[in-house]
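Engineer: My structure is below; once you've seen it, I'll send some questions.
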Amino acid sequence: MSSLKHVHTYVKYKKRSGYFRCADSHCTHILDKEAVLGKASLCTSCGKEFILSREDLKRVKPRCLECSNTARGKVFRATQVIQKKLVGSVEDKIKDPSDDPWF
């Protein structure tokens, strides 16, 4: 049986060390650890698509940076909060141009 055409949700394969499989029950996709590195996967927690790194492959169920509790994930979430605040303040100024003396 061939594997399905979709974005796989990679998890460690218990039967063979160093291999990852798709978590979809109808999919038979299996790859070794080096082949999975850099591939797109769906997060096992939230379902968003992300690219697998070496850090992600250390886990049984890899997660995206938004769901991960690693140091890199915490920094990513902090930068997302800062970006939202900056974009929000810029959008507020664009919505009310009457305060701007150049208009």
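Bear in mind these aren't lab numbers, they're just calculated from the coordinates by the rules spelled out. Since the structure is predicted, the reported quantities are computational estimates derived from the model, not experimental observations. Note that each Cβ is placed from the backbone with ideal geometry, even for glycine, and that neighbours are counted across all protein chains shown.
Engineer: May I ask you to derive the FRET efficiency for Val75 and Glu34 from their Cβ-Cβ distance with R0 = 35 Å, giving the value to the nearest 0.05?
Structural biologist: Between Val75 and Glu34 the formula returns 0.85.
Engineer: Want the number for Lys61 to Arg16: 0.36 nm per residue separation, take away the alpha-carbon distance, what's left? Please list the in-between numbers first.
Structural biologist: Values: separation 45, 0.36 × 45 = 16.20 nm, distance 1.53 nm.
Gain on extension, Lys61 to Arg16, equals 14.7 nm.
Engineer: Go ahead and run the numbers for FRET between His6 and Arg54, Cβ-Cβ distance against an R0 of 25 Å, rounding to 0.05. It would help to have the intermediate numbers written out before the result.
Structural biologist: Working: r = 24 Å, r/R0 = 0.96.
Taking R0 as 25 Å, the efficiency between His6 and Arg54 is 0.55.
Engineer: Let me ask you something else. For segment 62-73, what does the Karplus curve 6.51 cos²θ - 1.76 cosθ + 1.60, with θ = phi - 60°, yield as ³J(HN,Hα) per residue in whole Hz, taken in order and with x for Gly and Pro?
Structural biologist: x, 10, 6, 5, 6, 9, 6, 9, 6, 4, 5, x
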